């Protein structure tokens, strides 16, 4: 209290002293005024407050300060006294000031005029972070943006320190130090800049994880439950070995859930501790309580009217004596299960949108728990409206025609899941952000609206590359517009840069190194021809030229020339049988070949025509186009030409190669199948098998020189690729290097083989999945081979390889890939073809990766 009395006395004396300074003009006092220096603690007097002013404010509101002081005009105050000292104390406790004074500006008889003089504490103008990367600075600044403009006091400094340390602790930097220094802002004397030096130190990893109190569960079993709290061991390939508090907290919860899921209903973590092992590692110890193991007893059903109890019991698949698990019980009641065979799917697929199941534990005796599962079915709902939101580019009809949920149909969870898949298969939307929601649920009339929220993503792709092929630089430019609109081709306002929104696809591609090699192609496809039914239509055309030497063969013996022109049309239809994942396509293609002294086929001079009809039956049930986690993609293809040898009356025994292959004849069979299965967490296994066979109608004609299979390498359609050969990738080997056993590789004359087989096992793990990019790592093992006839065919006699790789999907470029593969089997005639190969790919198949 004494310091406040001293402040009042000092203020009063200051006012009195000011009256004696020469040059100071004072207002004349009234005849009956009382001098300020007459104030004395020995003789306090009561005054009426004539007015209160506030001096020194810059940011603070004067009215608020007056309210805090509780000094009001007309109030009575004793000076000197406790009331005046309390004013300073109340203001000082706000923590907003560096100095607070209460001055008397004038005394007139029994009226006193007061002034609250303050000096505000400086405010934070900005933070200057050092010691961390630019991206980290931006992340930290986002968490500290609300500190700017606040008063710099001990609380702000401590809070800033804590936020920064917590931010880096969550990323595994537990030993982070923060040093904060203040300096005056040159632009504002009442503001300061905080220089914050951050030293993250090294990330802290986990040395050991200990358990106490576990009897039924081994320590290794419990460690396995904690996926993100892993010890620093060489065999821990997946899962973080760094200590992160948030992941550790999640793992503790998972640990309890897993123990309870194994029947130990009362399991819990009693206590846990984390302590420093050394500068780089920490130790973790958890004390657990297991409790007894429980089992399911009698299960009773109530409230069910749609399905009888016996049927529900079969769907539940839980019988008396099974190990008790609340997690498994809730999963089978409310889903989701892997095969959608839970009770919620049963009801929701039958229109019961408001279905609920409440399992009540009615009796616990010894180690047994009886249940009463109380069902609330509610009414069956019908879809009233379908609402689409977020499709800023794609027209409504393109999305709505793909949906299996239609107005007037009974509500079905399965139909919504399938509709979500079909939207993602369009490729125009971010599949991670497709969000269907039932809304406007009307219980009175049993109707519901469904809103599909989507987010557009860039779907057009650009291929711009340069590389060496045949000893020359080859440039490639490819443009693919995946959401093209042909009907707006003459609408100039629709060009952005081309008309979009109708779900059609237009692809243009050119590849050349000058006059010696040129390849141009065009493709247009419409998935809903006519707009009424899912009739697929595609039109394609291409032309290719390859030559060496001069254009006059008589003057240049090294001259060779190949020209290929082709055109094709495809019609397809979605099938409803055996199920609605099937598609049947028919294609008619015409290819024209002109060869002049060109090697690599079974003949080198002449003109050849390849007229082929292709039927493709496919079934695609993959859950996502870019990174599938379940489902399959199966294709069976038959390609035939007319059997010219049966009716053209040509004597093939004496026919020249030009006559033999003038009209190419063959039948070609292919089978491709992929299966995707989630193994654990985000780890996905892809298995693939491929087979191809090129047959002949007549042994006199022999095998076709075109449509053969070349195996090996990255599978890219590069400069060496010529239309007429099908390229099959086999990582770990050089491009096109796989030849039948007993044959030697011939780089200058490799027409390909009529039979091939290939198997692939691939483990995939995603790194990131977003609208801007999808990245995943992979490890593979594959084998493949080619044969010249069925007598030599052996599906188990393959060239083998293993390796690792990465994929990144960028909407504008498509799928980019880099792999390293090592082949185990030597290739005759080409030493080193299997001794480790890097493979780069661009715009390859999204599902299979390599062709």
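Derivation of every value follows stated rules applied to the coordinates shown; laboratory data play no part. All values derive from a computational prediction rather than experimental measurement. Because the Cβ atoms are built from the backbone with ideal geometry, glycine has one as well, and the counts that use them run over all protein chains shown.
Here the simple spin-label model places points 7 Å from the Cα toward Cβ, and for residue 576 and residue 763 these points are separated by 4.4 nm. Between residue 569 and residue 698, full extension at 0.36 nm per residue minus the direct alpha carbon distance yields a gain of 43.6 nm. Exposure proxy ranking for 434, 64, based on other Cβ atoms within 10 angstrom of each Cβ and starting from the fewest, stands as 64, 434. Annotation for residue 326 and residue 770: the two label points, set 7 Å from Cα along the Cα-Cβ direction, are 3.7 nm apart.
How far, in degrees from 0 to 90, does helix 82-92 lean away from the longest principal axis of the Cα atoms of the chain, to the nearest 10? Taking the Cα atoms of the chain, the angle to 82-92 is about 20 degrees. Paramagnetic label reach from residue 494 (point 7 Å along Cα→Cβ; backbone nitrogen cut-off under 18 Å): within segment 514-530, residues 524-530.
Approximating the spin labels as points 7 Å out from Cα along Cα→Cβ, the residue 630-to-residue 437 distance works out to 2.5 nm.
Evaluate E = 1/(1 + (r/R0)^6) for residue 268 and residue 806, where r is the Cβ-Cβ distance and R0 equals 41 Å; express this FRET efficiency to the nearest 0.05. Please report the intermediate quantities before stating the final value.
Working: r = 42 Å, r/R0 = 1.01.
Calculated value: 0.50.
Report the paramagnetic label zone for residue 611: residues of segment 637-677 whose backbone N is under 14 Å from a point 7 Å from Cα along the Cα-to-Cβ axis. Only 640-648, 662-666 fall inside the zone, counting backbone N under 14 Å.
Translational diffusion coefficient, Stokes-Einstein: compute it for the chain using the Kirkwood radius over C-alpha pairs as Rh, at 20 °C and 1.002 mPa s, and state it as an integer in µm² s⁻¹.
61
Please work out, to two decimal places, the log10 of the ratio I(q)/I(0) at q = 0.24, 0.28 Å⁻¹ from a Debye calculation in which every Cα of segment 123-199 carries one identical scatterer. Debye output, listed in q order: -1.17, -1.50. Each of 840, 211 was scored by other Cβ atoms within 10 Å of its Cβ. Arranged with the fewest first, they read 840, 211. As a proxy for reagent exposure, ranking 704, 698, 345 by other Cβ atoms within 10 Å from fewest up yields 698, 345, 704. In the chain, the calculated helix contribution to ellipticity at 222 nm averages -4500 deg cm²/dmol per residue, counting -39,500 (n - 2.57) for every DSSP H run with n ≥ 4. Here the extension length gained between residue 374 and residue 287 equals 27.7 nm, from 0.36 nm per residue of separation less the Cα-Cα distance.
Normalising the average separation of contacting C-alpha pairs (under 8 angstrom, six or more residues apart) by the number of residues puts the relative contact order of the chain at 5 percent. Multiplying the residue separation of residue 62 and residue 45 by 0.36 nm and removing their Cα-Cα distance gives an extension gain of 3.4 nm.
Based on Cα contacts under 8 Å between residues 6+ apart, segment 295-376 shows a relative contact order of 39 percent.
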